[in-house]
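Here is the structure we will look at, set down as C-alpha cells.
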Amino acid sequence: MSKPNASTLLSEESCAAIDRWIAKYPPDQKQSAVMGALSVVQEANGGSLTTELMDAVADYLEMQPIAVYEVATFYSMYELKPVGRHKLCVCTNVSCMLRGSDDIVAHLKNKLGIDFKETTADKKFSLKEVECLGACGGAPMMQIGREYYENLTPEKLDEILAKLD
C-alpha cells in the first residue's frame, strides 16, 4: 500500500494558493514557501495540521518531511491537534503581563471553563498562550484569527466573545 501524496491530499484550491507562495521565491528555492504552504493547508483543514498533510506539503515542495515538521513544531501559529472555531491567542509576555494579562487570562479561563491548550466542549473556542504578538502599546491584547484586540478588560472580552458565532 502506498502512502498518499500531495495530489491526493491537497485540494486544487490549496495547490493554487501554495503556488502563489512559491512564486514569491526564486525557482530553485520553492522550499522557502513552507510557512505559507502550512498556513494554507492548516486553514483548509479547519485549523490544524496532520502528519499526512505535512507530508503532502513536503512532497509538493520537494523537501524532506522532517524539515516541514521542524517548521510546524517551532512556530506557534501551527496547530498539530484540532482547535475550536475561534482560537484565542492571549499574549502573556512582559508588556501584556505588566498591564494585566493575568486578569484577562483568569477571566477567559473562568468564563470558558478551559485552560491553555484546551477547547470548549462545543468546539467553539480554544485558548492559547502566546509570546509577543507585537502590539505592546495596546497591552493587554489577544489575537483571534487575523484580528488583534487591544487594551483588553474583562468587559471588553465579554463583548468580543458575544459577537463570535
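Brief remarks follow.
- Semi-axes of the equivalent ellipsoid for the stretch 1-139, computed as √(5λ) from the eigenvalues of its C-alpha gyration tensor and ordered from largest down, come to 33, 18, 12 Å.
- Between 140, 82, 27, the Gaussian network model of the chain with springs among Cα atoms under 10 angstrom shows the greatest mean-square fluctuation at 27.
- Listed values for the stretch 139-150 are Karplus-derived 3J(HN,Hα) couplings in whole Hz (6.51 cos²θ - 1.76 cosθ + 1.60, θ = phi - 60°), namely 5, x, 9, 8, 10, 10, x, 9, 9, 9, 10, 10, and x replaces Gly and Pro.
- A crude spin-label estimate for the pair residue 165 and residue 124, with each label 7 Å from Cα along the Cβ direction, gives 1.4 nm.
- Taking the Cα centre of the stretch 86-163 as origin and assigning +1 to Lys and Arg Cβ atoms and -1 to Asp and Glu Cβ atoms, the resulting dipole is close to 260 debye.
- Relative contact order (%) - criterion: Cα under 8 Å, at least six apart; region: the stretch 6-74: 34
- For the chain, the residue among 98, 41, 82 whose Cα projects farthest onto the positive side of the dipole built from Cβ charges is 98.
- Per-residue [θ]222 nm for the chain (sum of -39500 (n - 2.57) over DSSP H runs n ≥ 4, rounded to 500): -13000 deg cm²/dmol
- Using a simple spin-label model with pseudo-atoms 7 Å out from Cα toward Cβ, residue 116 and residue 153 lie 2.6 nm apart.
- Relative frequency of Cα-Cα separations exceeding 14 Å in the stretch 112-165, percent: 60
- Point-to-point label distance, residue 146-residue 11, nm (Cα→Cβ direction, 7 Å offset): 1.6
- Per-residue extension of 0.36 nm, minus the Cα-Cα distance of residue 66 and residue 28, leaves a gain of 11.7 nm for this segment.
- Positive-end residue of 153, 110, 127, charge dipole of the stretch 86-163 with Cβ unit charges: 127
FYI, it's all coordinate maths here, none of it is from the lab. Nothing here was measured: the structure is a model prediction, and the numbers come from that model. Cβ: placed from backbone, ideal geometry, glycine included. Neighbour counts: every protein chain shown.
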